[in-house]
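Take a look at the structure set out below.
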Amino acid sequence: MQRLPRHIAIIMDGNGRWAKEKGEDRLFGHLHGVESVRNIVEGCAELGIQNLTLYAFSTENWDRPEYEVSGLMELLVDTIHKEVPTLNKNNIRLHVIGAMDMLPEAAKKELNDALEETAVNTGLNLIMALSYSSRWEITNAVNGIAKAVKEGLLQPKDITQETLRQYLTTSQFPDPELMIRTSGEYRISNFLLYQLAYAELYFTSTLWPDFRKENLYEAILDYQGRERRFGKTGEQIKKEESTNS
Ligand code: IPE
Ligand code: IPE
Ligand code: MG
């Protein structure tokens with residue numbers, strides 16, 4: 001319990017295949033995926049994890065068939081509406097990262113209400129990546145920096161890694177230490193490319209609608225068994241650990 005990641009990020013993948021296995025429509029998989037979201041959010045809150053980022057919809061997902069996109073949006077509006085009381089009860093604050101302007105009006109409104117209604121909560125930060133992609137985010141950040149330079153608020157020589165960090169949508173959160181992807185795909189799919197620089201990656205073949213707290217604990221235990229070296233040698237890390245303890 002002393003060595004929990006402060007920030008866990010999850011690519012929730014495999015809803016479509018889960019539904020197909022059962023001879024059902026893809027939307028059936030997304031519907032069941034919501035159950036996993038509830039379970040994992042609860043699990044993280046119980047453990048005292050401070051930040052959880054869930055990749056729910058990528059900017060590329062807009063290119064899916066229209067019926068799936070609108071079904072997902074409806075599910076989103078409906079779920080947020082229903083979950084706000086539970087978030088408040090558990091002191092969970094909702095955040096959204098992504099191109100919000102691309103979302104349908106109803107989804108935007110529901111989200112903005114939920115952001116406001118949970119704004120005073122001080123427990124888990126639940127960060128939903130919605131209509132998000134890392135290349136979109138980095139491009140946005142570069143735009144913001146260019147604008148600040150043009151307006152004379154920032155000198156090019158003063159642009160540091162810290163500047164870029166401040167312009168990312170995740171500026172208020174530490175980088176994820178653990179990134180989990182379900183469904184047996186071994187890729188990042190445009191998720192937090194910059195922030196995952198030193199994250200430990202955990203891949204599982206479990207499909208998202210089957211992913212539960214027990215699977216989360218397994219991922220965390222795996223993470224805790226890793227030696228995070230940040231470019232140093234294993235000997236240096238062991239020495240640091242023994243002087244710190
Ligand atoms: C993840 O499941 C949910 C979203 C991307 C919205 P998928 O819908 O990608 O499921 P698979 O990968 O097709 O099984
Ligand atoms: C990544 O899943 C995006 C989300 C989980 C929201 P995808 O299913 O869209 O990723 P690819 O297309 O298989 O890389
Ligand atoms: Mg997928």
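The values are calculated or read from the model by the stated rules, or taken from the named source; none is laboratory data. Bear in mind that the values here come from a model prediction, so they are computed numbers and not experimental data. Note: ideal-geometry Cβ built from the backbone for every residue, glycine included; neighbour counts use all protein chains shown.
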* Only one of 60, 68 is within 13 Å of ligand 2 (Cβ to nearest atom), assigned to a helix (DSSP H, G or I) and more than 18 Å from the chain's Cα centre (by Cα); which? -> 68
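Is it true that residue 207 is without any contact (Cβ under 8 Å) to a residue 24 or more places away in the chain and closer than 27 Å to residue 36 by Cα? Break it down stepwise before answering.
Values: without any contact (Cβ under 8 Å) to a residue 24 or more places away in the chain: no; closer than 27 Å to residue 36 by Cα: yes.
Judged against the criteria, residue 207 is not a match.
Okay, residues lined up against (1) at pLDDT below 95; (2) assigned to a helix (DSSP H, G or I); (3) in contact with a Leu (Cβ under 8 Å, 6 or more places away or on another chain):
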{"position": "91", "(1), (2), (3)": "no, no, yes"}
{"position": "112", "(1), (2), (3)": "no, yes, no"}
{"position": "115", "(1), (2), (3)": "no, yes, yes"}
{"position": "119", "(1), (2), (3)": "no, no, no"}
* Asked: Does residue 60 count as modelled with pLDDT of 95 or more, among the acidic types (Asp, Glu) and more than 11 Å from ligand 1 (Cβ to nearest atom)?
  -> no
* **Single condition residue 106 does not satisfy, out of (1) over 22 Å from residue 26 (Cα atoms); (2) modelled with pLDDT of 95 or more; (3) surrounded by fewer than 15 Cβ atoms within 10 Å (Cβ to Cβ); (4) not acidic (Asp, Glu)** => (2)
* Asked: When residues of the range 169-185 are filtered for being farther than 15 Å from residue 17 by Cβ and either hydrophobic (A, V, I, L, M, F, W, C) or within 12 Å of ligand 2 (Cβ to nearest atom) (or both), how many remain?
  -> 4
* Sole exception among (1) within 16 Å of ligand 3 (Cβ to nearest atom); (2) in contact with a helix residue (DSSP H, G or I) (Cβ under 8 Å, 6 or more places away or on another chain); (3) farther than 23 Å from residue 180 by Cα for residue 63, by number -> (2)
* Output the number of the condition that residue 92 fails; it satisfies all remaining conditions of (1) touching a Gly at 6+ places or on another chain (Cβ under 9 Å); (2) exposed (fewer than 15 other Cβ atoms within 10 Å of the Cβ); (3) among the β-branched types (Val, Ile, Thr). => (2)
* Which pairs have Cβ atoms under 7 Å, sit 6 or more apart or on different chains, and link a residue in the range 58-78 that is within 18 Å of residue 11 (Cα to Cα) to one that is of a type in the set (Ser, Thr, Tyr) and buried (at least 17 other Cβ atoms within 10 Å of the Cβ)? -> 58/132; 58/133; 59/131; 59/132; 59/133; 60/133
* Which one is surrounded by the fewest Cβ atoms within 10 Å (Cβ to Cβ), of the residues in the range 1-52 that are within 16 Å of ligand 2 (Cβ to nearest atom) and either on the phi > 0 side of the Ramachandran plot or in a loop (DSSP other than H, G, I, E, B) (or both)? -> 13
